[in-house]
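Shown next, in structure tokens, is the structure this report addresses.
The numbers here are math on the coordinates, done by the rules we state, and not lab data. All values reported here derive from a predicted model rather than from experimental measurement. Ideal geometry is used to build each Cβ from the backbone, glycine not excepted, and the neighbour counts take in all protein chains shown.
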Amino acid sequence: MPTLRGRLTAWYSVALALTLAAFAAVLYVDRRSASYQDLDQRIQSEASLTAGILAESYRARGVLVRADTAGRPVLIADLAALLEAVPDFLVITAHDGSLLFASSDARALTFQQVEQLRRLASAPVSGRTSGALRLDPDGPKIHYAVHYVTDAGPQFGAILAGANVRSAELGPEQLLSTFALILPLGLVVALLMGTWIASRALAAVDQIITEVREITDGRSLHRRLAEPVVKDELGRLAETLNQMMTRLERSFAALRRFTADASHELKTPLTVLRGGVERAITTPNLPQETLAALEETLQEIKRMTELVDALLTLARADEGIAPLHREPVDLRGIVAEVQETGELLAEQAGVTMEVATPPEPIIVSVDASRIRQLILNLLTNAVKYTPPGGSVRMQLGPANGRVALSVADTGVGIAPGDLPHIFDRFWRADSARTRTGERPGTGLGLAICKWIAEAHGGQIDVVSRPGRGTTFTVMLPREAPPANP
């Protein structure tokens, strides 16, 4: 089962099914044993009752046996009629083993089966015996009791009372059939009950999962889970998660403060270094080697300055102290401004550039400088990763009540495994896309683009295929989103 709820339901259903099956088996065995005991007691009572009737009749009449028309000894008619009321198999033998009486059930048997019963009743044993026997051939299995007659005169030998065990097994088998019919219904009820119990038991877990999912980044770590009053396992889990988020919040806050402080402190020395190197480059009659070293140093200083600015921007965004200065602007103007820079970059890289904007104004309330930074970052990346002879296309226009800005290139593309990480900070793709020797980067540009888009209530998506190019699409709302409290 893929979910804990499903596994709990399955376990509960299996446990209930096994419990019902075990209960049915125990009840069947107990009922069967009790039925056999009742059967044995019944035939013992029948044998004793018959012996008592014979003894009383002998004391009252004296003669209980007469000869039939064939000259064979049989019970007198009125006594035989009385004993016909005794159920099951009843056989009475004479002292010499001959058959004196057989009940109607016994007479329904074959001659061979009746002979089996007669031989049991004529065995030279005194007292009482009992046992089980299957009548041949293919006859029923019976339990029997033999009562040897001693007080009904010298003519009698023994009384055999027997009963078909089928009568004892019928009740337990009916019970088993009833359980077989009830068990599927019980399983259905078990599944429903198991689902309900698992849902009730895991409702708090689902709530915890939902609340934890909403804490998606370091800016949401101030939130806490609702802790139940009862400190059970779920209560302790919520308490532990809250303690963990408290520690994470402190760690994130310390990291953001360090990043912001370090970035701020680095800006001044980098500015001083840049001014010193620029002045040194203007010194006349510098050796060529010194001039090359100073130019390389100046490029590194510029790269470090860009990195510090990006870090400071993201640190302020994480702290929530990077406010947006919104005002209604025509995005076509911002795109035109960025286009000039993009065309210069495209010309240097040997890439053609195309810009498409609608004829009507696209008025949106945005921070113009941040949107300009977003577009320039996307355009720079598109030119950077497009080989000479390729093309870059930037398009602006309305889309389903929103504003869509897309930047597409015909460059090297992004591998599917890299797509989930391109907006991560300091993440760089493989060497085929990075090309740090030609156009180095900091790995923070796309992270800043994502922050700018989301801070405006929009989103940024990417579609790419290796060797076929990449398309970044920014969706911005027409109306400014409500400010976060």
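With the cut-off at 1.5 for a/c, could you classify the chain from its C-alpha gyration tensor as rounded, prolate or oblate?
Prolate, since a/c reaches 1.5 and a/b exceeds b/c.
Would you mind computing, in nm to one decimal, how far apart the modelled labels at Thr3 and Val212 are, each placed 7 Å from Cα along Cα→Cβ?
A separation of 1.7 nm, rounded to one decimal place.
Find how many whole Å separate the alpha carbon centroid of the range 114-172 from the alpha carbon centroid of the range 385-418.
100
Show me the ranking of peptides 374-387, 83-96 by mean Cβ neighbours inside 10 Å, starting with the highest.
374-387, 83-96
Just to be sure I understand the model, the point goes 7 Å from the Cα along the line to the Cβ. What's the resulting Arg61 to Gln288 distance in nm?
Using points 7 Å along Cα→Cβ, the separation is 15.1 nm.
How large is ³J(HN,Hα), in whole Hz, for each residue of the range 271-284 in order, when computed from phi with the Karplus curve 6.51 cos²θ - 1.76 cosθ + 1.60 and θ = phi - 60°, using x for Gly and Pro?
Karplus values, whole Hz, x for Gly and Pro: 5, 5, 4, 5, x, x, 5, 5, 5, 5, 5, 7, 5, x.
Mind listing the phi-derived Karplus ³J(HN,Hα) values for the range 138-145, rounded to whole Hz, using 6.51, -1.76 and 1.60 with θ = phi - 60°, and x for any glycine or proline?
Taking θ as phi minus 60°, the curve returns 6, x, x, 8, 10, 9, 9, 9 Hz for the range 138-145.
At 0.36 nm per residue, and after removing the present C-alpha to C-alpha distance, how many nm does the segment from Ser369 to Lys302 gain when stretched out fully?
Extending this stretch completely gives an extra 22.1 nm.
How do the peptides 394-405, 242-253, 286-297 rank, highest first, by the average count of neighbouring beta carbon atoms within 10 Å per residue?
394-405, 242-253, 286-297
Report the relative contact order of the chain, percent, no decimals, based on alpha-carbon pairs under 8 angstrom and at least 6 residues apart.
10
Can you tell me the 0 to 90 degree angle between the C-alpha axis of helix 166-214 and the longest principal axis of the chain, rounded to 10?
Taking Cα atoms only, the helix is inclined about 20 degrees.
Using mean Cβ contacts within 10 Å as the protection proxy, how do 132-142, 60-70 order, highest first?
132-142, 60-70
7 Å from Cα along Cα→Cβ at both Asp138 and Leu185: what's the point-to-point distance in nm?
Distance between the two pseudo-spin positions: 3.8 nm.
Report the gain in length on full extension from Thr352 to Ser104: 0.36 nm times residue separation, minus Cα-Cα distance, nm rounded to one decimal.
77.9 nm is the gain from fully extending Thr352 to Ser104.
Using only Cα atoms, tell me the angle between helix 111-121 and the longest principal axis of the chain; keep it within 0 to 90° and round to the nearest 10.
So the inclination is approximately 80 degrees.
Rounded to whole Hz and in sequence order, give me ³J(HN,Hα) for the range 451-465 from the Karplus expression 6.51 cos²θ - 1.76 cosθ + 1.60, θ = phi - 60°, writing x for Gly and Pro.
For the range 451-465, the Karplus curve yields 4, 4, 4, 6, 5, 8, x, x, 8, 10, 10, 9, 10, 8, 9 Hz.
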